[in-house]
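Asks: To start, I am sharing the structure in question, which I have written as structure tokens.
The values are calculated or read from the model by the stated rules, or taken from the named source; none is laboratory data. Just so it is clear, the model here is predicted, and its values are computed rather than measured. With ideal geometry, Cβ positions are generated from the backbone for all residues, glycine too; neighbour counts draw on all protein chains shown.
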Amino acid sequence: MTQRANFLNEVGMLNHTPRSGFAFLGTGKQSVAEHIFRALHIAFILARMSDEPIEETRLLHLVMFHDLPEARTGDHNYVNRKYVIEDLDRVLADGARHWPHGAEIVAAIREFEEGNTPEARLAKDADQLELLLMLKQQADLGNPHAHDWIAPLLARLKTEAGKRLADEILTTRWDEWWFDNKDDPHWVEGKKRPC
């Protein structure tokens, strides 16, 4: 039972592990857990947009576990990765012994890293599209550097579904979902609607 509790506490550390790239962007912040949470929703959408058959549960497992090693290593952005070597093999060997169902979790992380299956390609696109959503938000809020990050991100997308969703993200204001009807009296009066 301790193994399960320890694992869940380790997963909880992702709530406190910051995504390090935002220091270079200059605005925004996010924990690794927040990133994974929205990436799971993106994967859910991508599974339905995909032109090839997808094992959705497997896809969601790949996304759910892909950044779990960062509870032990921290998040290393693209600049860090030029200089810092993460010992992923050691993390996964330790994880296989210490995590409940460790072999299954390690297999999911390795499949994600290798990127050879349709599910892994969609999972990698979900990972990138989550960052694209953050960059679009920061661009819409006035960060002039956010656009510079978008072209290399788009080049990393591997699936047609991911590319289509990226186009949709880029043509949609980040706050359109809640502020699209500015003529609604609610925005003027600010009253609750009757139930």
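Asks: Go through region 136-183 and give me each residue that's over 17 Å from the mean Cα position of the chain (by Cα) and of a type in the set (S, T, Y).
Replies: T171, T172
Asks: Looking only at region 46-77, which residues are surrounded by 19 or more Cβ atoms within 10 Å (Cβ to Cβ) and either farther than 24 Å from G95 by Cα or at pLDDT below 95 (or both)?
Replies: Within region 46-77, L46, A47, S50, I54 qualify.
Asks: Further question on the same structure: So, in region 161-178, exactly how many residues are surrounded by fewer than 15 Cβ atoms within 10 Å (Cβ to Cβ) and in a loop (DSSP other than H, G, I, E, B)?
Replies: Looking only at that region, the number is 4.
Asks: Tell me whether region 43-54 contains one or more residues that are without any contact (Cβ under 8 Å) to a residue 60 or more places away in the chain and small (G, A, S).
Replies: Scanning region 43-54, I find no residue that is without any contact (Cβ under 8 Å) to a residue 60 or more places away in the chain and small (G, A, S), so the answer is no.
Asks: From the list K124, K182, K158, K191, pick out the single residue that is at pLDDT 95 or above and surrounded by fewer than 19 Cβ atoms within 10 Å (Cβ to Cβ).
Replies: Going through K124, K182, K158, K191 in turn, the sole match is K158.
Asks: Can you pull out the residues in region 8-45 that are under 16 Å from M134 (Cβ atoms) and of a type in the set (D, E)?
Replies: Residue satisfying the conditions is E34 alone.
Asks: Ok, one more. Under 19 Å from T27 (Cα atoms), surrounded by 14 or more Cβ atoms within 10 Å (Cβ to Cβ) and modelled with pLDDT under 95: which single residue out of N143, N80 fits that description?
Replies: Every option except N80 fails the conditions.
Asks: Tell me the residue from E176, E114, E168 that is closer than 30 Å to R4 by Cα and either of a type in the set (D, E, K, R) or touching a residue at least 12 places away in the same chain (Cβ under 8 Å) (or both), please.
Replies: The unique qualifying residue is E114.
Asks: Let me ask you something else. Give me the residue from region 1-21 that is more than 20 Å from A103 (Cα to Cα), touching a residue at least 40 places away in the same chain (Cβ under 8 Å) and not β-branched (V, I, T) and, out of that set, surrounded by the most Cβ atoms within 10 Å (Cβ to Cβ).
Replies: Filtering first and then ranking leaves R19.
Asks: Here's a follow-up. Filtering region 100-135 down to residues that are of a type in the set (V, I, T) and over 18 Å from the mean Cα position of the chain (by Cα), which residue is farthest from T171 (Cα to Cα)?
Replies: V106
Asks: Spot the failing condition for H61; the list is (1) of a type outside the set (F, W, Y); (2) more than 18 Å from D125 (Cβ to Cβ); (3) in contact (Cβ under 8 Å) with a residue 40 or more places away in the chain; (4) assigned to a helix (DSSP H, G or I), and only one is missed.
Replies: (2)
Asks: Only one of (1) in contact with an Asp or Glu (Cβ under 8 Å, 6 or more places away or on another chain); (2) outside any helix (DSSP H, G or I) fails for N181. Which number is that?
Replies: Condition (1) is where N181 drops out.
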